[in-house]
Amino acid sequence: MLRVQDLHKRYGEVTALDGVTLTAAPGRMLGFLGPNGAGKTTTMRAVFGLVRLDAGEVRWRDREVTSDVRLRFGYMPEQRGLYARMPVGRQLRYLAELHGMDADDAGRATQRWLTELGLADRIDARLSDLSHGNQQRVQLAASLVHDPELLVLDEPFSGLDPLGVQAMSEVLRERAAAGATVVFSSHQLELVEELCDDVVIIAHGRDQIAGTLDEVRAAADYRRVEVRLADNRPVTPPSGARLLDAREGIVRLQVPVATPVPALVEELAGQGTIEHLTFTSPRLTEVFRDVVGASITDLEHAAASSEESVEVDA
Ligand SMILES: Nc1ncnc2c1ncn2[C@@H]1O[C@H](COP(=O)(O)OP(=O)(O)OP(=O)(O)O)[C@@H](O)[C@H]1O
């Protein structure tokens, strides 16, 4: 279990972390989300001791995270940090040995991961001679080559083509299934929804919502309704509902969570024959927009009221 507890970090005037707290469990995948500048990279770097924190702590399996403990961690940083001119295989073997593997095991692990990621024939190529997506695969291999118990990846999917996304997804799923704790940040929320068991959304260096994917989606105070009436008859939103959009005959509505489903069905049925009706929790994208939008509004209110109080004091 990884526990990140109440992290605080300022860079001069900028508050990067303002109490970030999260837990990631073995055998599960955690999506670590937040808008640009929310503090995701700073939190991840803190797990690896790369940030001098003002306050807070990181614990692994209820113990302090020392450099020995970190040998069992794997990190794919946002600023990819491998040696551009060194042959791919050589640097993977080197990194495996740095993490305590002997030369034979390091060689085998290098072969295994390059094969698994479709790069076996590039083992002697220089990293800089590979395409962007293949360099990203090597970065992934570098974070995995020592078989870490905790895998932390900063935007691993950015810039990958659909096949690269699929390969990356499969590896992460397989690692979690093998018992590793997997944490990754991403702005591709559909992908997060597809892959993750758990989700944390942060904004302004603070966590805003955390839980299983289902909990986070169900926490919203509305549900999504999709409806199509026979003959594409138009739908008038029932009382309390809000029209989201209408495309190809399907009308999407937001209804308050307290709306009784039978009453909703009755009202829609009164408008025509229902051919299609679904009632689901909002998508992660909607939750993200709600949570992050609300926190920006809160901050603006706080700023406005502090300005007001300055004026009153003056
Ligand atoms: N070394 C640094 N010096 C000064 N400010 C920094 C430094 N590192 C991060 N920050 C600031 O801290 C805040 C959080 O940055 P961070 O990179 O953690 O955000 P992020 O959530 O990873 O963003 P993104 O989604 O854009 O990658 C930002 O305002 C950033 O400018």
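The values are calculated or read from the model by the stated rules, or taken from the named source; none is laboratory data. Every value quoted in this text rests on a predicted model; they were computed, and no experiment measured them. Cβ coordinates were reconstructed from backbone atoms using ideal geometry, including for glycine residues, and neighbour counts include every protein chain displayed. Note: areas computed on protein heavy atoms with side chains; ligands, DNA, RNA excluded. Shrake-Rupley method; radii C 1.70, N 1.55, O 1.52, S 1.80 Å.
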Requested in this report: Kindly indicate whether Arg217 is touching a residue at least 12 places away in the same chain (Cβ under 8 Å) and under 16 Å from the mean Cα position of the chain (by Cα).
Outcome: yes
Requested in this report: Just name the residue that is least open to solvent (accessible area, probe 1.4 Å) out of those in region 4-22 that are in a strand (DSSP E or B) and of a type in the set (D, E, K, R).
Outcome: Lys9
Query raised in the report: Taking region 23-52, which residues are within 13 Å of the ligand (Cβ to nearest atom), of a type outside the set (Gly, Ala, Ser) and open to solvent by less than 10 Å² (accessible area, probe 1.4 Å)?
Result: Phe32, Leu33, Thr43, Met44, Val47
Query raised in the report: Out of curiosity, is Ala55 among the aliphatic types (A, V, I, L, M), within 20 Å of Gln208 (Cβ to Cβ) and surrounded by fewer than 16 Cβ atoms within 10 Å (Cβ to Cβ)?
Result: yes
Report task. Only one of these is surrounded by 20 or more Cβ atoms within 10 Å (Cβ to Cβ) and not basic (Lys, Arg): Gly89, Gly107. Name it. Result -> Gly89
**Report entry** Breaking point among (1) touching a His at 6+ places or on another chain (Cβ under 6 Å); (2) surrounded by fewer than 21 Cβ atoms within 10 Å (Cβ to Cβ); (3) within 18 Å of Gly74 (Cβ to Cβ), for Gly159
**Finding:** (3)
Query raised in the report: Restricting attention to region 71-84, does a residue exist that is hydroxyl-bearing (Ser, Thr, Tyr), open to solvent by 10 Å² or more (accessible area, probe 1.4 Å), touching a residue at least 60 places away in the same chain (Cβ under 8 Å) and outside any helix (DSSP H, G or I)?
Result: yes
**Report entry** Residues that are in contact (Cβ under 8 Å) with a residue 24 or more places away in the chain, farther than 22 Å from Arg45 by Cα and part of a loop (DSSP other than H, G, I, E, B), drawn from region 129-177
**Finding:** Leu130, Leu160, Asp161
Requested in this report: Search region 4-18 for residues that are under 19 Å from Trp60 (Cβ atoms) and among the β-branched types (Val, Ile, Thr) and pair each with any residue that is open to solvent by less than 70 Å² (accessible area, probe 1.4 Å) and more than 8 Å from the ligand (Cβ to nearest atom) when their beta-carbon atoms are under 7 Å apart and the residues are at least 6 apart or on different chains.
Outcome: Val4/Val20; Val4/Thr21; Val4/Leu22; Val4/Val47; Val4/Val58
Query raised in the report: Picking from Leu268, Leu277, which residue would you name as being open to solvent by less than 60 Å² (accessible area, probe 1.4 Å), among the aliphatic types (A, V, I, L, M) and modelled with pLDDT of 90 or more?
Result: Leu268
Query raised in the report: Only one of (1) at pLDDT below 95; (2) away from the ligand (no atom under 15 Å from the Cβ); (3) assigned to a loop (DSSP other than H, G, I, E, B) is not met by Asp68, so which one is it?
Result: (3)
